[in-house]
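Enquirer: Let me give you the structure first, and then I'll get to my questions.
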Amino acid sequence: MTKPTNADTDTYFICATPRTGSSLLLGLLDSTGVAGHPQAYFRMPDEAAWSERWGVAHTPQEALDYAEFVRAALREGRTGNGVFGAKLMWGTHAELATRLARLHPDLTGDELGLLKREFGTRIRFVYLRRDDVLAQAVSWLRAEQTGVWFVGGKGEIGGGAGGIDAQPRFDRDAVTRLLRTIEEHNAGWERWFEAYGIQPHRIRYEDLSADPHAVTHGVLDFLGLALPTGRRITPSHRRQADRLNQEWAERYRRPAEVTASKSKVPPPSPPSPPSSS
């Protein structure tokens, strides 16, 4: 199913957790013209939408032909040099491996082997994470509440329409839940890389945000690709974080102060003794 390339890479996967700038990075890489057209092609909830776009049969009456689905993703996601790119969030890799194992049962349990069988042996991994996990959790919560996961882009499937809740609201318990989820997902990626002896190209969200062009060039170097002469790296997504994100993060950091201020409120005065008239 793989296609020979004139690059050093057949396929690369952007491995990430939500709100680490992955959509921004995908758009930047797409703009190079040599790094595929990376998208989150393999989320199970999005299979029907991608299938409809690509003309792959997918109805309640007719089960999805996953081999055809992957062929369509490769066809649509490659650039002319044969390079294919895609994004995998933690958990999506397992969904993808489960589907591929049905096509290649001899490799069941070997996720990296399944990926190589289907996407080519020269697979590389880019790992994107965020140092400021509180800012990440706040951004994640806001996206959950509003349904807006990115602004701009080039026809992504899997978010962006918005409209779930026009008024995002601070929720301390939800932020705590997402902080734990981020920790679990980051640890999961690290265990997965170690289990398969993978040395990914590591990117910090903070570096991507500060200098997206330098980070994109770094990924191209890692993939063995060169930016074509005259080609410009251009973002297709717009920054979403604003003052509200910062306010929520500051508010989350102040639980002890809030508790202390409440404890300083003087207790109500005891009732006056009845008059002895």
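Enquirer: Ranked highest first by the average count of other Cβ atoms within 10 Å around their residues, in what order do 211-221, 182-192 fall?
Expert: Numbers: 211-221: 17.4, 182-192: 15.6.
In descending order of packing, they fall as 211-221, 182-192.
Enquirer: Also, quick follow-up: Hey, can you grab everything whose amide H is under 5 Å from the amide H of R130? Only 5+ residues off in sequence or another chain; H modelled, so Pro and N-termini drop out.
Expert: Under 5 Å from the amide H of R130: Y205.
Enquirer: In the full protein assembly as shown, how much of E194 is accessible to a 1.4 Å probe, in Å² to the nearest 10?
Expert: 150 Å²
Enquirer: Taking only protein heavy atoms and a 1.4 Å probe, what accessible area per residue, in Å², does segment 1-144 have with all protein chains in place? Don't jump to the answer; show the numbers that get you there.
Expert: On the way: 5390 Å² over 144 residues.
Value for segment 1-144: 37 Å² per residue.
Enquirer: Using a cut-off of 14 Å between beta-carbons, work out the net charge of the residues near F193 (Lys and Arg +1, Asp and Glu -1, F193 not included).
Expert: +1
The values are calculated or read from the model by the stated rules, or taken from the named source; none is laboratory data. What you see is a predicted model; the values in this text were computed from it and never measured. When we count neighbours, we look across all protein chains shown, and the Cβ atoms used for this are built from the backbone with ideal geometry, even at glycine. These area figures cover heavy atoms from the full protein model, side chains too; ligands, DNA and RNA do not enter into them. Shrake-Rupley method; radii C 1.70, N 1.55, O 1.52, S 1.80 Å.
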